[in-house]
Amino acid sequence: MRFIATGDWQLGMTAHFLSAEARPRYQRARLDAIRRIGELAAEREAAFVLVCGDVFESNQLDRAIVARTFDVLNDFTVPVVLLPGNHDPLDASSIYDSQAFVARQPAEVTVLRDSTPFEVVPGVEIVGAPWFSKRPLSDLVASATADLAEVAPGSVRIIAGHGAVSSLDPDRESLATIDEANLRHILDSGRAQFIALGDRHATYSVTDRIWYPGSPEVTSRREDDPGNVLLVDIESESHVVSVEKIPVGQWTFTVIEAGVDSDDDVSALEARLAAIPDKDRTAVWLVLTGTLSTAAKARLDEVLDHAGDLFALVSLWERHSDIAVVAADEDFAGLGLSGYLQESLDELADRAAGDDASASTAQDALGLLYRFARSGA
């Protein structure tokens, strides 16, 4: 028996950090990733697709997002099972009870609304642990599996949960942390053959039979292995499990760290950015440290401005960056400054050399003055 495990689709994610131009492309890419999951299920002859929580970004979404989701899911050739998570819990405002969802829910799409074993295909059942609020007061997976009997011979049982397992250093104030020892006991006692979990957006193997598939499209610069789904094979008689990680995402979020202490360093950063493929689907956060002359800093600004036109995002991660600017006399020699401009230069140079809060502002202003004077030369 073969199925696809995925999770954390978070359809409707706003991605506020992206530009207004890039944001719609990113939202479309998330739907495209879901479409690729359906195609993959057909190509690899998977029996069904299991989504382990956070199908939607929230319970308050425009109905068009639900409609577009169903438009994609209608093309799936296998059943799709959805588990409500912390972003889309089964609370009073649940998106799963909205008119937009209920009126057009495809016949092959099932929402796990409780922990009653659901036979998704003959001989295979899923036991889900749906969220009913954003702050559960207990381990939902433990509650959902407390009374499970041993799996009948020739059958397969899968547990679908959402949240952080105890070994992943979760929020210590959360009462919903999933007890990993209990998960292992469930498997060892033959009460299930596989446990698929959502909430962690990067693919991660807790054990050979407990997995986080991760989000099918990257959502954060902190994710170390996003953009995948899991193709899971479980032998019905021996219950031997094999898991294959398959990439489906198209976007990349990356952090680039570089020292910039010279014009050559700026050129090296420029080349490094130029070598990145698929720039319109890549968001870059820069961690830059060093000391530059005004001329070199102005060139760095030009490099970043140009990169910003090509990439989905190029952002200086201010909290981790530290670039000092030194106003060297040779930077402005030959620019023909006089009168008010020369007076401004002298004043800014004095302030930029200081160590108070205005020094950084003065350094930025020097760069602007340099670029302005050079463009008019």
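The values are calculated or read from the model by the stated rules, or taken from the named source; none is laboratory data. Only a predicted model underlies this, so the values are computations on that prediction, with no experimental measurement involved. Positions of Cβ are generated from backbone atoms using ideal geometry, with glycine treated the same way; all protein chains shown enter the neighbour counts.
Some observations on this one:
- Taken across segment 97-108, residues that are over 24 Å from the mean Cα position of the chain (by Cα), modelled with pLDDT of 95 or more, charged (D, E, K, R) and closer than 23 Å to residue 45 by Cα do occur, with at least one present.
- Residue check, residue 106 surrounded by 20 or more Cβ atoms within 10 Å (Cβ to Cβ) and not in a strand (DSSP E or B): no
- Here the condition is being outside the structural domain of residue 89 (by TED's automatic domain parsing), in contact with a helix residue (DSSP H, G or I) (Cβ under 9 Å, 6 or more places away or on another chain), over 30 Å from residue 145 (Cα atoms) and modelled with pLDDT under 95; of 290, 259, it holds for 290 alone.
- Those strands (runs of 3 or more DSSP E) of segment 148-233 in which at least 3 residues are surrounded by 15 or more Cβ atoms within 10 Å (Cβ to Cβ) and either touching a residue at least 60 places away in the same chain (Cβ under 8 Å) or acidic (Asp, Glu) (or both), considering only elements entirely within it, cover 156-162, 194-198.
- Within segment 275-297, tally of residues that are surrounded by fewer than 18 Cβ atoms within 10 Å (Cβ to Cβ) and over 18 Å from the mean Cα position of the chain (by Cα): 6
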